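As structure tokens, the structure follows; a few thoughts come after it.
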Amino acid sequence: MTREELTDLFYNAPTEELTARAGEVCRRVHGPEVLLRGLVEYSNYCPCGCLYCGIRGGNSRVNRYRLTDGEVLASVDAGYERGLRTFVLQGGEDRKFDTDRIARLIGMIKERTKNEAAVTLSCGMKSREEFRTLRDAGGDRYLLRFETSDPELHRYLRDGKTLAERLENLEWIREAGFQRGSGYMTGLPGETDEIRLNNILLCRDLELDMVGIGPFIPHPDTPLGGAEQQGLDHALRGTALLRLALPEAHIPATTAAGSLEPDGREQMIRGGANVLMPNLTGVEYKKDYLLYPGKICLDESGVQCIGCLSMRVKTVDRRLSFARGDAPRLVGAAV
Ligand code: SAH
Ligand code: SF4
């Protein structure tokens, strides 16, 4: 879809029409299946100061943890036994959980899953060489949201880090040969309609393989704690427009959407999302990985979550898929 068509829909189409159109495109391209990705939140140490984030270095109230290799692998094993074939390693930019350690972990995950499972990384910003190292170690996909496409707002919210640096990282991710994911938060303070539209257009221009968006949820122990909570509508419209812009992309119904509204993830699936991410992090740690308050599924294991998700997707006429779910451009699926 062209930039002009997307712009017209962004300003003029009612949400119901957008979600219905996007839902149809999603079904035509991806079928009735919703792909599962098992998430492991390996560390909540982070030296960065992103204003929106509950585990930012400046928040002294966080109970910090770092998983051992054995704990990461135990979470992966539990997911693998239950049938999962993609694992996402996510964490703060913990200097002690460095690139070499992540590279070693990728090797161990590949070995114990007999090379069947894909490994996705969501480990923040890296150097060009580090991205190469992680790819050479067998990493398949890398997620790095640009957070907001507005350069000024980006610099403010990310404590001086620039959008240009983030986009350069995304270029290195592509160059290293990863399937590339990005995205943004909706409803950030200072966000205008123009910024919201540009977020969508930037995802389109980047030709992303994966796009994750979710509502910003203010965390009380951050500088944005007093910001106003916006509704789910921006995320729903964004998801639908992204599906129309990038029919082949894998788009998750994010946990933040499910945390803001009880059926937030189902609404996103109905309107174009085709991925869910059960959280495999041990229950003793999950509660300390609070990027935002009110996060759901803190008391259940990720494996228990799969049962719940299976029932949830039925309500929107979908079923779960345990496939690896690589980018269609790599598996040559016809659209
Ligand atoms: N450190 C890595 C990965 C962890 S943060 C990184 O920053 O890329 C993962 C994502 O959580 C971020 O990209 C951001 O979009 C989201 N996030 C952080 N704080 C949030 C909040 N208060 N509400 C909603 N999403 C948030
Ligand atoms: Fe660290 Fe990521 Fe949170 Fe920023 S968003 S403070 S990089 S964990």
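Of the residues that sit in region 36-72 and are of a type in the set (S, T, N, Q) and within 12 Å of ligand 2 (Cβ to nearest atom), which one is surrounded by the fewest Cβ atoms within 10 Å (Cβ to Cβ)? Lay out the reasoning, then the answer.
Quick first cut of region 36-72, residues of a type in the set (S, T, N, Q) only: 43-44, 59-60, 63, 68.
The next check asks that each one be within 12 Å of ligand 2 (Cβ to nearest atom); those that pass are 43-44, 59.
Numbers: 43: 23, 44: 23, 59: 19.
Residue satisfying both the conditions and the ranking: 59.
Tell me whether region 115-127 contains one or more residues that are over 19 Å from residue 170 (Cβ atoms) and either within 16 Å of ligand 1 (Cβ to nearest atom) or assigned to a helix (DSSP H, G or I) (or both). No, region 115-127 contains no residue that is over 19 Å from residue 170 (Cβ atoms) and either within 16 Å of ligand 1 (Cβ to nearest atom) or assigned to a helix (DSSP H, G or I) (or both). For beta carbons closer than 8 Å, sequence separation of 6+ or different chains, a first residue in region 72-90 that is of a type outside the set (D, E, K, R) and a second that is modelled with pLDDT under 95, the qualifying pairs are 75/302; 78/301; 78/302; 78/303; 79/302; 79/303.
Out of curiosity, is residue 33 more than 16 Å from ligand 2 (Cβ to nearest atom) and either under 29 Å from residue 272 (Cα atoms) or in contact with a strand residue (DSSP E or B) (Cβ under 9 Å, 6 or more places away or on another chain) (or both)? So residue 33 fits the description; yes.
I'd like to know if region 23-34 contains one or more residues that are over 17 Å from residue 196 (Cβ atoms), more than 16 Å from ligand 1 (Cβ to nearest atom), part of a loop (DSSP other than H, G, I, E, B) and small (Gly, Ala, Ser). Can you show your working first?
The first filter runs over region 23-34 and keeps only residues over 17 Å from residue 196 (Cβ atoms), leaving 23-34.
Checking which are more than 16 Å from ligand 1 (Cβ to nearest atom) leaves us with 23-34.
Restricting the remaining residues to those that are part of a loop (DSSP other than H, G, I, E, B) gives 31-32.
When the remaining residues are screened for being small (Gly, Ala, Ser), the result is 31.
Yes, region 23-34 has at least one match.
Mind telling me which of the residues 224, 188, 241 ends up being crowded, with 23+ Cβ neighbours inside 10 Å and either within 16 Å of ligand 2 (Cβ to nearest atom) or closer than 22 Å to residue 142 by Cα (or both)? Show your work before the answer.
Values: 224 fails: crowded, with 23+ Cβ neighbours inside 10 Å; 241 fails: either within 16 Å of ligand 2 (Cβ to nearest atom) or closer than 22 Å to residue 142 by Cα (or both).
Among 224, 188, 241, only 188 is crowded, with 23+ Cβ neighbours inside 10 Å and either within 16 Å of ligand 2 (Cβ to nearest atom) or closer than 22 Å to residue 142 by Cα (or both).
Of all residues in region 39-86, how many are in a helix (DSSP H, G or I) and either away from ligand 1 (no atom under 16 Å from the Cβ) or polar (S, T, N, Q) (or both)?
We begin by selecting, within region 39-86, every residue in a helix (DSSP H, G or I); these are 69-81.
Still in the running and either away from ligand 1 (no atom under 16 Å from the Cβ) or polar (S, T, N, Q) (or both): 69-71, 73-81.
Of the residues in that region, 12 qualify.
It is to be established whether one or more residues within region 243-252 are away from ligand 1 (no atom under 13 Å from the Cβ) and of a type in the set (Val, Ile, Thr). Checking region 243-252: at least one residue is away from ligand 1 (no atom under 13 Å from the Cβ) and of a type in the set (Val, Ile, Thr).
The values are calculated or read from the model by the stated rules, or taken from the named source; none is laboratory data. Note that the coordinates shown come from a computational prediction; the quantities given were computed from them, not determined experimentally. No Cβ is skipped: glycine too gets one built from the backbone with ideal geometry, and neighbour counts run over all protein chains shown.
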